[in-house]
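Data block below; observations after.
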Amino acid sequence: MLESLAEVEELAATGKLLYVRYSEGYESDSAGGSIDTESGLELPGLAVNPLTPEAWWTRPLGDWLARQLCQYKHLQEKNPDRFAWILSGTQVGRGPDCEPLLSDVEPIARLSPRLLDEAERRYRENFDAEKGPEDAEDADDKSADRTKRDS
C-alpha cells in the first residue's frame, strides 16, 4: 500500500512503464477483463491510464501523476468496491477512448485513500481541473465580449 504521492514518484522514476487502474483488484480482473460498456465487446487487455509521462511533458513528474490518478477516480466514487492500483504489463492495443490495454499484468501496489486525496489536492491546485477546450473557448468569447463593451 502506497501512502504518498512521493512514493509513486519514486516508483515512476525507475523507468519502468507503469499504469493506474481503478477496479476491484488484480484477482477480480484476472477472472474477467475489461469490457467496452457501450458496445458490449470484451477488450483484449485491461484498460489503464499511463503513469509514465509523455516526452512533451515539461512540468514536474508529481503534477503528471496527480492528474493521471484523478482522471478515473469517479469510477471509485460510483463503486466503492473499486480501488486504485499500480500495475505494469504488455500493451496489446488501445481501447475506445484511446486508453492503453494491457496483458501479462503485474500488480505493483495499491494506492491509499490518503494518497488519492493528496493527488486530488495537487491536481486542483496546479491545473484548471476538468476544464476542456469548450470551456476555454467560452472564456475567450466572454473576454472578447467584455473588450468590445469596454471599447
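Results, tabulated for the structure shown:
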read-out: The chain: calculated mean residue ellipticity at 222 nm from DSSP helix runs of at least 4, using -39500 (n - 2.57); value: -12000 deg cm²/dmol
read-out: Summed side-chain charge close to residue 28 - residues other than residue 28 whose Cβ falls under 10 Å, Lys, Arg +1, Asp, Glu -1; value: -3
read-out: The range 1-80 - charge dipole about Cα centre, Lys and Arg +1 at Cβ, Asp and Glu -1, debye rounded to 20; value: 220 debye
read-out: Those aspartates and glutamates that a straight Cα-Cα span of less than 14 Å connects to residue 73, excepting residues fewer than 8 apart in one chain; value: 24, 81, 117, 118, 120, 130
read-out: Residue-wise HN-Hα coupling along the range 100-115, computed from phi with Karplus coefficients 6.51, -1.76, 1.60 (Hz; x: Gly, Pro); value: x, 10, 10, 10, 6, 6, 10, x, 10, 6, 9, 9, 6, x, 4, 4
read-out: Counted charge near residue 105, where neighbours are those whose Cβ lies closer than 15 Å (Asp, Glu -1; Lys, Arg +1); value: -3
read-out: Taking the chain and dividing mean pair separation by its residue count, relative contact order in percent (alpha carbons under 8 Å, at least six apart); value: 29 percent
read-out: Cα shape, the range 61-115, gyration tensor, a/c 1.5 rule; value: rounded
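Read the figures in this text as sums done on the coordinates, not as results from a lab. In this text, all values refer to a predicted model and were calculated from it rather than measured experimentally. Positions of Cβ are backbone-derived with ideal geometry, glycine not excepted, and every protein chain shown enters the neighbour counts.
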